[in-house]
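Derivation of every value follows stated rules applied to the coordinates shown; laboratory data play no part. These numbers come from a predicted model, not from an experiment. Virtual Cβ from ideal backbone geometry, glycine too; neighbours counted across all protein chains shown.
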Amino acid sequence: MTDSSNTFDSILRCAQSLIISGGYNGFSYADIGKVIGIRNASIHHHFPSKAILVRTLVAQYREEMQAGIANLEQSVSDPVGQLRAYTRFWEGCIADASSSFCVCALLASEMPVLPEEIAIEVKAHFRALSAWLASVFARGAKQGSLKLTESAETEAEIFMASVHGAMLSARAYGDAQMFGAIINPVLVRVVQQS
C-alpha cells in the first residue's frame, strides 16, 4: 500500500470517528489534520471538499456493510441466527467502543442539513439494509422460525429502527448494556418459540 492510499484511508477513518463523535458539522479538515498529523492541503488533495469526503466515506461504509451481510449470509443460514449475529455485531462494537454508532444512522439524524450527494448515499444505505432485513424476515416467516405481525418489509423497518434507537439509548445513557436491554426483547417478540 502506498503512502497516498494510507493517507486516503487514514483520512476516511478519522472522518468516520469525528462524525460519530460530533456529526457532520462537528468537524473540519483542521480537526482531521491535527489527529493524523497532515496539512489541510493534503486532505484537499484527496478530497477537494468535505461533501466529497463524507460521500466517499458513506459509499465505502455501504460497501463494507454489503460485504459484511454477504459474509453473514454465507456463515449463518438460519434467519434467526442472522438477526442475532447482526445485533451481536453492534452490541460488540458498542461495548468495545470500536464503532459505537452506525455512521449512516447518525447522518440520517442530520438529513435536513446534509449536502444532497451525502443524503443520497445515506438513503441508499437504509434501503439496502432494509431490503436485506426484509429478506431475512420473509425467509424466517416461510420457515416458521419468525412470527410476523406485519409484512416482512414493515418488520424490517421496525427492527432497523429498534437497532438504531438502541444505539442512541446506549449513547444517551452512557451504558453499552442498554443496547442489549432494548434489542433482546425485540428479538424475543419475533422469534417463534418451538
- prompt: Near residue 123, which lysines are there with a Cα under 25 Å away, not counting those fewer than 8 places off in the same chain?
  reply: 50
- prompt: Using the alpha-carbon atoms, what tilt in degrees (0 to 90, nearest 10) does helix 50-75 show relative to the longest principal axis of the chain?
  reply: 30
query: Quick one: helix 152-173 against the long Cα principal axis of the chain, what's the angle to the nearest 10°, folded into 0 to 90?
result: 60
Enclosed volume per residue, in Å³, of the convex hull spanned by Cα atoms of region 1-48: 63
query: How big is the charge dipole of the chain about its Cα centre, in debye rounded to the nearest 20, if each Lys and Arg gets +1 on its Cβ and each Asp and Glu gets -1 on its Cβ?
result: 100
message: Compute the angle between helix 3-22 and the longest alpha-carbon principal axis of the chain, please, reported from 0 to 90 degrees and rounded to the nearest 10.
response: 60
